[in-house]
Amino acid sequence: MLERIHEIPGVLLSADEYLDDFWPNFRKIDDVFWKLERVQSFREPNEPGWVAMLEGDWDRSMKLVDGGCGVVGEGEGRVERFSRRRIRIVEQPVTPYVQWEMHVLALREAAAEQVRVLDAGEVAEQEVGRRLPELVVLGTVAMYEVTYDASGRHSGARRIDDREVIAACRGELDKMFAAGEEFRAYYEREIVPLPAPRMTV
């Protein structure tokens, strides 16, 4: 089902409309909050740590990450009645964005999230002709295929309301999560030893 999400009818939302739609549904979550990340490079111009990395100042970027920039957002940082689970698919060699994001996830994982990592080769059979989607699932309440423009900047989402589709995707995410590597082991082995990324603009 995950590989067919782009074919499923959905409500097209701009970036602002997505946020307006997301937060009321976020407050209604009745089960696991899922996030599936597949794209290897995003643009995060509102994140000071990402901007510092783009400017080639890795040390400042890491100080900002350690200081909590980009770690806790609206609606977070409180005791919740649901679990947060993220699946991060990674290609080799690791992109500068993924390297930076993994340091952010190290704090998120310690604070609130359960994170697993999957090598892109593990999902190759599902990606014939098209990558898996960027997906956010709010329990059984709502599911969004999050969209990005050609530069990697967030452009909005498609909200999918079909409960059978949501249930099928949740089942597949469960299996992917079980097959993924524990974040901390992956992070310590593959990310921590890496030198600062070389940025090209």
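Numbers below:
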quantity	calculated
Test: residue in region 31-43 that is within 18 Å of the chain's Cα centre (by Cα), assigned to a helix (DSSP H, G or I) and surrounded by 18 or more Cβ atoms within 10 Å (Cβ to Cβ)	no
Hits in region 182-191 (condition: within 17 Å of the chain's Cα centre (by Cα) and surrounded by fewer than 18 Cβ atoms within 10 Å (Cβ to Cβ))	Glu182, Arg184
Verdict on Glu101 being of a type outside the set (Lys, Arg), under 16 Å from Arg38 (Cα atoms) and open to solvent by 40 Å² or more (accessible area, probe 1.4 Å)	no
Test: residue in region 170-183 that is more than 30 Å from Leu12 (Cβ to Cβ) and among the charged types (D, E, K, R)	yes
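Table: residues versus (1) modelled with pLDDT of 95 or more; (2) of a type in the set (Ser, Thr, Tyr).
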residue: Asp57; (1), (2): yes, no
residue: Asp66; (1), (2): no, no
residue: Val71; (1), (2): no, no
residue: Glu74; (1), (2): no, no
residue: Glu80; (1), (2): no, no
residue: Arg85; (1), (2): yes, no
residue: Tyr97; (1), (2): yes, yes
residue: Trp100; (1), (2): yes, no
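The values are calculated or read from the model by the stated rules, or taken from the named source; none is laboratory data. Bear in mind that the values here come from a model prediction, so they are computed numbers and not experimental data. Note that we place each Cβ from the backbone using ideal geometry, even for glycine, and neighbour counts take in every protein chain shown. Keep in mind that these areas ignore ligands, DNA and RNA; they rest on the heavy atoms of the full protein, side chains included. Shrake-Rupley method; radii C 1.70, N 1.55, O 1.52, S 1.80 Å.
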